[in-house]
Every structure is written in C-alpha cells, then in structure tokens.
1. Specify whether the C-alpha gyration tensor of the chain places it in the rounded, prolate or oblate class, a ≥ b ≥ c being the square roots of the eigenvalues: rounded for a/c under 1.5, otherwise prolate if a/b is larger than b/c and oblate if not.
2. Give the angle, between 0 and 90 degrees and rounded to the nearest 10, that separates the Cα long axis of helix 52-69 from the longest principal axis of the Cα atoms of the chain.
3. Per DSSP helix of 4 or more residues, -39500 (n - 2.57); summed, then divided by the residues of the chain. What does that give at 222 nm, rounded to the nearest 500?
4. In degrees between 0 and 90, to the nearest 10, how far off the longest principal axis of the chain does helix 90-100 point, with axes built from Cα atoms?
Amino acid sequence: MPITRGNPDGLKNVRATVYNHFVRVDQPKSMIFVSGQVSRDSEGQQVGVGSMLEQTRQCIRNIEACLNAAGGSLPDIVWTTVYTTDMREFRQIVAAREEFFKTNLPTSTMVEVAHLADPGLMVEIQVIAAI
C-alpha cells in the first residue's frame, strides 16, 4: 500500500477529527508542494472578510485548484500547516475542513501568528500531497 494513514494506540485526536497523527508515503510517488493559500478568489479579491469559516473554505478551494492543476486532488494531501491569526476561531477552521476532508485524512499542524500577508486575512494553509 503506497500511503498509510493512522493514529497509534494511546494517541487521540483531542481537539479535532480532521487529521491523522501520521502518514507514511512509500515510493515511488510524486510529491506536490502547495504554497500557503489565503482567501482570495480568481480575481485576487479577498473572500470572507471577517469570517474564519468562509476564509478557510476559500483557502481549501484554492488548494484544490492547485492540486487539480498538478494532477492531484484533496484526498492526496498528506500534510497540512494552518496559520491563523486567532486560535479562538479554531472550531470554525475545523468546521470548514470537515466539509472537504471526509476520508484519507492528512497530518496537521496549526499555529497562531500575529499577522498574515495582508490586513483582514485570518488564515493561510499550506499542504503537501502525494500522488
């Protein structure tokens, strides 16, 4: 099996259910590295001003577009890093992720940062996928 995902006995996903503790990728696989995506639409306009839920949804849509262009899809994601300006909005990020990630869950790290590239941006997500 080229990709194995799981959670070792004794390690629970305490705060969210949209990730695995580990993903093993056996070679040969092609790796896709997607730069941090923010909540901008195809015209470069910010989406979801003031809404962590809407901004996270747009980030994931942008990630999906990148993966599709590279020959992959969301289930191919093995690693995510989420940068947020407000960890208190954690549940909104998880709610958006639950809409897109049903199976083949990636690993995940979430970090609170003081600022992102532009004012009003609340979340940025980068991923690695294996196809």
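1. Working: a/c = 2.20, a/b = 1.33, b/c = 1.65.
It comes out oblate by the Cα gyration axes.
2. Once rounded, the angle reads 50 degrees.
3. On the way: 2 runs with 29 residues, N = 131.
One gets -7000 deg cm²/dmol as the mean residue ellipticity at 222 nm.
4. Relative to the chain, helix 90-100 is tipped by roughly 60 degrees.
Values quoted throughout were computed directly from the atomic coordinates according to the rules given, and no laboratory measurement underlies them. Keep in mind that what you see is a predicted model, and the values were worked out from it rather than measured.
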